[in-house]
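Undergrad: This structure is in structure tokens; I'll ask about it shortly.
Computed from the coordinates by the stated procedures, all read-outs in this text should not be read as laboratory data. For clarity, every value in this text was computed on a predicted model and none was experimentally measured. Cβ sites come from the backbone with ideal geometry, for glycine too, and all protein chains shown count toward neighbours.
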Amino acid sequence: MDQAITGFRLDEVDDWVAVLVCGHGQHVRHDPPLSNRPWVGTPQGRQAKIGWTLNCVRCDRGEPPTEKPMESIEKITTERLSAERFRPEHYDLLCQIHRNPFVMATLGGVRSDETTRQNLQDYIAHWETNGFGLWLLRDRASGALAGRAGLKGIEIGGNWEIELGYTFLQPYWGRGLATEIAAASLEVGFERLGLEQLVCFTLTTNMASKRVMEKVGFLFEREVVHMGAATLLYRLSRDEYRGSRV
Ligand SMILES: CC(C)(COP(=O)(O)OP(=O)(O)OC[C@H]1O[C@@H](n2cnc3c(N)ncnc32)[C@H](O)[C@@H]1OP(=O)(O)O)[C@@H](O)C(=O)NCCC(=O)NCCS
């Protein structure tokens, strides 16, 4: 019976499993000439296959579901936040974050609306190119704007890395929300996207952000000057992430 793909996850030996709408999983290996699925090796390749159908023999055999329903990484929820892929209609909300001098003090200062427009275009393009990116964050209870967070590629210290970032409006500080979305982002990055490494960095003076990184398991690597500012670079590998969760 044909069933739609709702997402992908890595199994314990790092092979990809397509999670189907029926609640069954099916391995989707790229193993030529037996199976030719080069798309499975990239986040954007897998993302493009969501909604496609696979023939599910477990349905034909009447087996019970074994997989947890999988939400799209374009829209995820945590206990207190909902996170949605950045879209053009988020411009005004992103401006609210970027115009706020308190929020932006540790992020290079307030940004002009024109810079925000360019940032938003970059966020949208990042999703299209990579199959993941930054989310706009809302308070789940009220639907109000809470901040932005997620994973994006960045050149830092001369290397291309995938960075975890998080930023909240002030009413949401000090409630564990950065830790909550950081933990959810790691799950997406390592288990849904299959990334090997993630980095996170912050100004040497940003103690709250440093604490968030450490709480979710990042390990200090080195100091790096980024855009003229002294920053602390932290790193976490998928193996370390999995090891810390055992
Ligand atoms: C940094 C930021 C994301 C933290 O968000 P948050 O939701 O308040 O973070 P959490 O509540 O999950 O965790 C903050 C931790 O830092 C600690 N902390 C806060 N200020 C601190 C300080 N001055 N010194 C030491 N620890 C501090 C908190 O006590 C908490 O740790 P705990 O749970 O062990 O008590 C938020 O302040 C923010 O958006 N700042 C502006 C943008 C920014 O700096 N983004 C990060 C860029 S790298």
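Undergrad: Give me the compactness ratio for region 56-123, meaning the Cα radius of gyration over 2.2 N^0.38 Å.
TA: 1.80
Undergrad: Can you give me the Rg/Rh ratio for the chain, using Cα atoms for both radii and the Kirkwood formula for Rh?
TA: Taking Rg over the Kirkwood Rh, I get 0.99.
Undergrad: Can you give the net charge of the other residues whose Cβ lies under 11 Å from the Cβ of F190, counting K and R as +1 and D and E as -1? Please report the intermediate quantities before stating the final value.
TA: Values: positive: R9, R192, R238, R242, R245; negative: D14, E187, E191, E196, D239, E240.
Charge balance in the 11 Å sphere: -1.
Undergrad: Under 15 Å from the Cβ of A144, count the other residues' Cβ atoms, weight Lys and Arg +1, Asp and Glu -1, and hand me the total.
TA: Numbers: positive: R80, R138, R140, R148, R175; negative: E84, D92, D139.
Neighbourhood net charge equals +2.
Undergrad: First obtain the Kirkwood hydrodynamic radius of region 2-60 from its Cα pairs, then insert it into the Stokes-Einstein equation at 20 °C and 1.002 mPa s, and state the resulting D in µm² per second as a whole number. If you can, show how the numbers build up before the last one.
TA: Details: Rh = 11.6 Å.
Using the Kirkwood radius from Cα pairs, D works out to 185 µm²/s.
Undergrad: While we're on this one: Got a sec to turn the phi values of region 27-35 into Karplus ³J(HN,Hα) couplings, 6.51 cos²θ - 1.76 cosθ + 1.60 with θ = phi - 60°, whole Hz, x for Gly and Pro?
TA: Going residue by residue, I get 5, 10, 8, 9, 9, x, x, 5, 9 Hz, with x marking Gly and Pro.
Undergrad: Let me ask another. Give the shape of region 146-213 as rounded, prolate or oblate, defined through the alpha-carbon gyration tensor: a ≥ b ≥ c are the square roots of its eigenvalues, a/c under 1.5 means rounded, and otherwise the shape is prolate if a/b is larger than b/c and oblate if not.
TA: On the way: a/c = 2.18, a/b = 1.33, b/c = 1.64.
Note, shape of region 146-213 comes out oblate.
Undergrad: Kindly provide the helix-only [θ] at 222 nm of the chain, computed as the sum of -39,500 (n - 2.57) over DSSP H runs of four or more divided by all residues, to the nearest 500 deg cm²/dmol? Each step should come with its number before you reach the end.
TA: Details: 8 runs with 68 residues, N = 246.
Roughly -7500 deg cm²/dmol at 222 nm, from the helical runs in the chain.
Undergrad: Okay, moving on. Under a 5 Å amide H to amide H cut-off, with H placed in plane at 1.01 Å, what residues pair with A146 once short-range neighbours are removed?
TA: For A146, whose amide H was placed from the backbone, the distant partners under 5 Å are L137, R138, D139.
Undergrad: What dipole magnitude, in Debye to the nearest 20, does the chain give about its Cα centre under +1 on Lys/Arg Cβ and -1 on Asp/Glu Cβ?
TA: In debye, rounded to 20, the chain gives about 460.
Undergrad: Using the Karplus curve 6.51 cos²θ - 1.76 cosθ + 1.60 with θ = phi - 60°, what ³J(HN,Hα) values do you get for each residue of region 139-152, in whole Hz, with x for Gly and Pro?
TA: My calculation for region 139-152 gives 5, 4, 5, 10, x, 6, 4, 10, x, 9, 6, x, 10, 8 Hz in order.
Undergrad: Something else: Under 20 Å between alpha carbons, and skipping anything fewer than 8 positions from K68 in its own chain: which lysines qualify?
TA: K49
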